[in-house]
Every structure is written in structure tokens, then in C-alpha cells.
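Participant: Below you will find the structure I want to go over with you.
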Amino acid sequence: MREFEEQFRSKGARIAVVGLGDVSYAKFFREKTGIKFPLLIDEKREAYKTVGLKHASLLHLLRRDNMQARRRAKAGGHKQHKLGKDPLQLGGSFVFAPGNKDLFVHVSETFGDNAAPKDILAAIPG
């Protein structure tokens with residue numbers, strides 16, 4: 001998302017990330033990823049539960065789509081630096097608009113099942 005931040009801003013949108021860790025984990029994550037946008041902490045998983053994000057099992061590690069995502073990440077120079085508070089918590093991507101509107105919703109089915117930034121951008125009017 002870092003690489004697309006200016007494109008989001010040009011459409012009048014802002015990026016924010018919600019993570020499960022504590023303040024020290026958030027600081028570590030920010031340093032390793034170089035993100036500048038807001039990083040919010042949800043230690044109790046309240047936001048995750050509210051939007052209906054899923055939880056993986058150890059069997060997800062063996063899924064073909066997960067193995068492919070790991071290969072793509074590794075080829076892109078990404079690596080997992082350390083495990084977070086709940087390594088089996090799956091993520092999602094959302095675009096919320098004023099008036100309680102959900103413009104884009106992607107709930108991850110497994111690890112590495114992330115929405116493409118271009119698809120998220122396409123959901124933003126303007």
C-alpha cells in the first residue's frame with residue numbers, strides 16, 4: 001500500500017492500518033515496513049470481530065494459494081520478521097466513506113489473500 005499512498009491521496013482518500021499488536025510491536029512493524037500512514041492498535045480484536053474477519057487454522061499453511069502467496073512475497077523481497085499477537089488472524093481491506101458507506105470489502109480467506117491496491121483504488125470515486 002505504501003507505493004500507492006499518493007494515488008489514494010489524489011482521490012481524497014487516506015490509508016490507515018489496524019494491527020493486533022501492542023505499542024512495541026507497532027513500532028517494530030513501522031520501522032521494518034517504512035509506512036508513514038496511521039497504524040492503529042486493536043489488542044482486543046474488536047475491529048476484527050466487528051467487520052467479520054476470519055481466523056485461520058494450521059491447515060491454511062498447507063493450502064496451495066497460501067504457498068503461492070508466500071512465494072510471491074519472498075520473490076518481492078518480503079519476509080516475516082516476527083509473529084504478531086495472533087498469527088492465525090486473517091486480515092481484510094476496506095474502503096469506508098462518509099454516511100456509513102462501505103465502498104469496498106475484501107475479507108481474506110487465507111494468508112496472503114490480500115486485495116490488490118488497484119482494485120481498492122478503483123472503488124474510490126473521483
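Read the figures in this text as sums done on the coordinates, not as results from a lab. Source: prediction; values computed, not measured. Note that we place each Cβ from the backbone using ideal geometry, even for glycine, and neighbour counts take in every protein chain shown.
Participant: Sorting 55, 106 on the 10 Å Cβ count, fewest up front, what's the list? Don't jump to the answer; show the numbers that get you there.
Facilitator: Numbers: 55 11, 106 17.
Fewest-to-most ranking of 55, 106: 55, 106.
Participant: Also, I was wondering about something else. Taking a cut-off of 12 Å between Cα atoms, list the aspartates and glutamates near residue 118, but don't count ones fewer than 8 places away on the same chain.
Facilitator: Filter leaves 3, 5.
Participant: When DSSP assigns beta bridges and you keep just the ones with both residues in the stretch 2-122, what percent turn out antiparallel, to the nearest 5?
Facilitator: Numbers: 7 of 10 bridges.
Beta bridges within the stretch 2-122, antiparallel portion: roughly 70 percent.
Participant: When the dipole is taken about the Cα centre of the chain, and only Lys, Arg (+1) and Asp, Glu (-1) are charged at their Cβ, what size is it in debye, to the nearest 20?
Facilitator: Values: 23 positive and 14 negative charges, 81 e Å.
So the dipole magnitude of the chain works out to roughly 380 debye.
Participant: Between residue 57 and residue 105, take the C-beta separation as r, use R0 = 30 Å, and let me know the FRET efficiency to the nearest 0.05. Could the numbers behind the result be given before it?
Facilitator: Numbers: r = 23 Å, r/R0 = 0.76.
About 0.85, to the nearest 0.05.
Participant: Which whole-Hz couplings ³J(HN,Hα) result when phi for each residue of the stretch 47-64 is put into the Karplus expression 6.51 cos²θ - 1.76 cosθ + 1.60, θ = phi - 60°, listed in order with x for Gly and Pro?
Facilitator: Values per residue, Gly and Pro as x: 5, 4, 5, 4, 8, x, 6, 8, 10, 7, 10, 4, 5, 4, 4, 9, 5, 4 Hz.
Participant: Among the lysines, select those whose C-alpha is under 18 Å from the C-alpha of residue 85, and discard any that sit fewer than 8 residues away in the same chain.
Facilitator: 27, 32, 44, 49, 54
Participant: Here is a further query. In the stretch 93-126, which residues have a backbone nitrogen under 17 Å from the label point lying 7 Å from residue 40's Cα in the Cα-to-Cβ direction?
Facilitator: In the stretch 93-126, the label zone of residue 40 (backbone N under 17 Å from the point 7 Å along Cα→Cβ) covers 93-107.
Participant: Could you list which residues have their amide H under 5 Å from that of residue 39, counting only those 5 or more apart in sequence or on another chain, with H placed in the peptide plane?
Facilitator: Distant-sequence amide H within range of residue 39: 17.
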